[in-house]
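Report on the structure given below.
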Amino acid sequence: MTAYLRIEVLRTLRNAAFVMFTIAFPVGFYLLFTTLFQLNQVGTTEFDAYYMVSMSLYGSMSVCLMGIGARIAVERTRGWTRQLALLPVHPASYIVVKMVSATLLVIPVILLIMMCGLLVNGVELPLGTWIGLVPLIWLGALPFVALGVAIGYTFRDEVAQMAAMSLYFLMSLLGGLWMPVTVFPDWLEAVGTTLPTYRAAELSWRLLAGEQPLTWGAVLLLGWAALFGLVAVWRYRRVS
Amino acid sequence: MNDSNSPAIEISGLRKRFGQVVALDGTDLRIGVGEVVAVLGPNGAGKTTMLDILLGLQRPDAGEVRVLGGPVRKAIDEGRIGVVLQEGEPLQGVSVREMIRMLADIHPHPMPLDAVLAHAQLTDLVDRRTEKLSGGETQRLRFGMALVGDPELLVLDEPTAAMDIAARRSFWTMVRGLAAGGRTILFSTHYLEEADAIADRIVLMAHGRVVADGPTTEIRAMASGRVIRCTLPDAVPGDDLAADLRALPAVTDVEVHGTAVTIRSADADATVRALFAAYWQARDLEVVAAPLSDAVFSLTEDRPADGAQLTTGATR
């Protein structure tokens, strides 16, 4: 199993589209927007630090939805999962490898954006905050692993890629990952703050603001996670 | 391990329908250890459905399957079956070596990497990425992937469907090499000559049933036909020659092209005797066994539209 996990991670990193969407875009956006927009602060947080969280989560979602979700659909359509069913591995190992590789691949994305924050933009944070951010962003990304699985087992091939891409852009835009929801009109802000993207990032934004990360927003995120999880299990069961 | 008496594959009373379509209609099949068996039949005969059920990819409506003396899942988990499905891409973004190493890691008693590479003619491609392989090379990789577990039983579902003639030939050379090692091999094909050349035994399927099963020679004999060719130099085109020839004993079919005559006969001796009696000038006489395609046609002839899809590969 570890051999399968190893090549799964390896071949995902070798995929040019994956590297572009998951690493180049978030890093590029982070550097571009922190330079372009002279937003000094969001609330009490420096924009350079605030946007680090946004883009880390944005990149992490790409891992989950595009890197894992859409590719599940492709591999199902092209018969890899059928071949796997004829190998001496547990039937669930495919999905386990996918989910574990997603949770692993999120980590370098988060670290890379934070490096840009630290080294390029000179973000200054207490050491404890730096260390706390990584697991918090990682935790916020987990519900999207389930969403990716749900997409992968609902749509086929190119349709899955379109669905993943649409959800990815829509949720990150409305959830305030591209620009803070505070710049939205009130009604849009109300919509945005109910989304899992906002609530996932909120954990880390609160940490940056020196606040306790776990509020009722975390409960809402947990609700989303449960929903995505249920849909993923339902879709997976249907197909298997 | 199973004892030598228990068959490699035992299928009994298999039934499967998809809506109105009956895919399998009480299929029975028993394959001994070490046999090389071809499943032959037109599209829609039920070959793939039977193999899918055999491998546990589909559930039958009724009937039983035992593989290597037990349930197929057990045989798979013990790494005793290698399969090449009709479709299915290897993982992309990995090299041939990485792909095979990974599979070796999940099998209980893998074949050494070098042996897999040699059997599947992959030695020169070992560092190539899977997505950069040509169609024929990909098929070799798929074959190599089926060998990694050092399986006792190989199941190949139309493995040469997408190959050109040269690729097919080299593919079957690889398969023959493995058959020589005492492995049981079950493959389905559209190509009569492949069944003829590779298999010890042919199972002919039509309409979800096994309509014939035996050594290749026996399957041919079942059509009990001979083809008689000769030249009738005095034959007058437009004459009632064809009708006259058809009236000869045991004749089943007649084709006349100018002076060249082809007669199909159920009893060549009787036909030839009568032919010479009636046409003393007949020459260039040739009597041959009816080609396997004739046997297939005669056994599946109640649906000629399907039978017509059978091809003899290079010869047609």
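Tell me which residues, restricted to segment A:22-47, are surrounded by fewer than 21 Cβ atoms within 10 Å (Cβ to Cβ) and assigned to a helix (DSSP H, G or I). Scanning segment A:22-47 gives A:ILE23, A:ALA24, A:PHE25, A:VAL27, A:GLY28, A:PHE29, A:LEU31, A:LEU32, A:PHE33, A:THR35, A:LEU36, A:PHE47.
The residues of segment B:57-76 that are within 13 Å of another protein chain (Cβ to nearest Cβ), open to solvent by 50 Å² or more (accessible area, probe 1.4 Å) and touching a Leu at 6+ places or on another chain (Cβ under 9 Å) amount to a single one, B:LYS74. The condition of being closer than 14 Å to A:TRP138 by Cβ, more than 9 Å from chain B (Cβ to nearest Cβ) and not hydrophobic (A, V, I, L, M, F, W, C) holds for A:GLY59.
Total residues in segment A:207-223 satisfying the condition of being surrounded by fewer than 20 Cβ atoms within 10 Å (Cβ to Cβ) and in a helix (DSSP H, G or I): the figure is 7. Taking the criterion of being in a strand (DSSP E or B) and open to solvent by 50 Å² or more (accessible area, probe 1.4 Å), the residues of segment B:27-43 that qualify are B:ASP28, B:ARG30.
I want to confirm something. Restricting to segment A:91-116 and keeping residues that are under 16 Å from A:VAL239 (Cβ atoms) and open to solvent by 50 Å² or more (accessible area, probe 1.4 Å), which single residue is nearest to the other protein chains (Cβ to nearest Cβ)? Per the criteria, the residue is A:PRO91.
Test B:LEU186 against the criterion of being hydrophobic (A, V, I, L, M, F, W, C) and touching a strand residue (DSSP E or B) at 6+ places or on another chain (Cβ under 6 Å), and give yes or no. Against the criterion (hydrophobic (A, V, I, L, M, F, W, C) and touching a strand residue (DSSP E or B) at 6+ places or on another chain (Cβ under 6 Å)), B:LEU186 qualifies.
Of the residues in segment B:105-114, none is modelled with pLDDT under 95 and under 25 Å from the mean Cα position of the chain (by Cα).
In segment A:16-33, the residues that are closer than 21 Å to A:ALA70 by Cβ and modelled with pLDDT of 90 or more reach residues that are outside any helix (DSSP H, G or I) and open to solvent by 50 Å² or more (accessible area, probe 1.4 Å) with C-beta atoms within less than 8 angstrom, at least six apart or across chains, in these pairs: A:PHE29/A:TRP178. Candidates B:ARG220, B:ARG201: the one that is closer than 30 Å to B:THR49 by Cβ, within 22 Å of the chain's Cα centre (by Cα) and modelled with pLDDT under 75 is B:ARG220. One residue stands out among those in segment B:77-92 that are surrounded by fewer than 20 Cβ atoms within 10 Å (Cβ to Cβ) and over 25 Å from the mean Cα position of the chain (by Cα): the one that is modelled with the lowest pLDDT, which is B:GLN92.
If I filter segment A:1-32 down to residues being more than 19 Å from the chain's Cα centre (by Cα) and hydroxyl-bearing (Ser, Thr, Tyr), which single residue comes out as nearest to the other protein chains (Cβ to nearest Cβ)? The extreme case among them is A:TYR4.
Pairs are defined by a Cβ separation below 8 Å, a sequence spacing of at least 6 or placement on different chains, a first member in segment A:74-88 that is within 7 Å of another protein chain (Cβ to nearest Cβ), and a second member that is open to solvent by 40 Å² or more (accessible area, probe 1.4 Å) and aliphatic (A, V, I, L, M); the pairs so defined are A:ARG82/B:LEU57; A:ALA85/B:LEU57; A:LEU86/B:LEU57. The number of residues in segment B:82-97 being of a type in the set (A, V, I, L, M) and more than 7 Å from chain A (Cβ to nearest Cβ) comes to 2.
Rundown of residues vs (1) assigned to a helix (DSSP H, G or I); (2) open to solvent by 40 Å² or more (accessible area, probe 1.4 Å); (3) of a type in the set (Asp, Glu), yes/no style:
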position: A:ALA160; (1), (2), (3): yes, no, no
position: A:SER166; (1), (2), (3): yes, yes, no
position: A:TRP178; (1), (2), (3): no, yes, no
position: A:THR182; (1), (2), (3): yes, yes, no
position: A:ALA201; (1), (2), (3): yes, no, no
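Among (1) within 18 Å of the chain's Cα centre (by Cα); (2) in the same structural domain as B:VAL67 (by TED's automatic domain parsing), there is one condition B:PHE143 misses while meeting the rest; what is its number? The one condition B:PHE143 does not meet is (2).
Within this structure, B:PRO108 passes the test of being open to solvent by 10 Å² or more (accessible area, probe 1.4 Å), in contact (Cβ under 8 Å) with a residue 40 or more places away in the chain and within 13 Å of chain A (Cβ to nearest Cβ).
The single condition from (1) at pLDDT below 95; (2) farther than 18 Å from A:PHE21 by Cα that A:MET162 fails is (2).
Exactly one residue among A:LEU125, A:LEU84, A:LEU118, A:LEU112 is in contact with a Phe, Trp or Tyr (Cβ under 9 Å, 6 or more places away or on another chain) and over 15 Å from A:GLU8 (Cα atoms), and that residue is A:LEU118.
Checked against the criterion of being more than 13 Å from the chain's Cα centre (by Cα), open to solvent by less than 60 Å² (accessible area, probe 1.4 Å) and of a type outside the set (Val, Ile, Thr), segment A:134-149 contains not a single residue that satisfies it.
The values are calculated or read from the model by the stated rules, or taken from the named source; none is laboratory data. These numbers come from a predicted model, not from an experiment. Every residue, glycine among them, receives a Cβ derived from its backbone with ideal geometry; neighbour counts consider all protein chains shown. Keep in mind that these areas ignore ligands, DNA and RNA; they rest on the heavy atoms of the full protein, side chains included. Shrake-Rupley method; radii C 1.70, N 1.55, O 1.52, S 1.80 Å.
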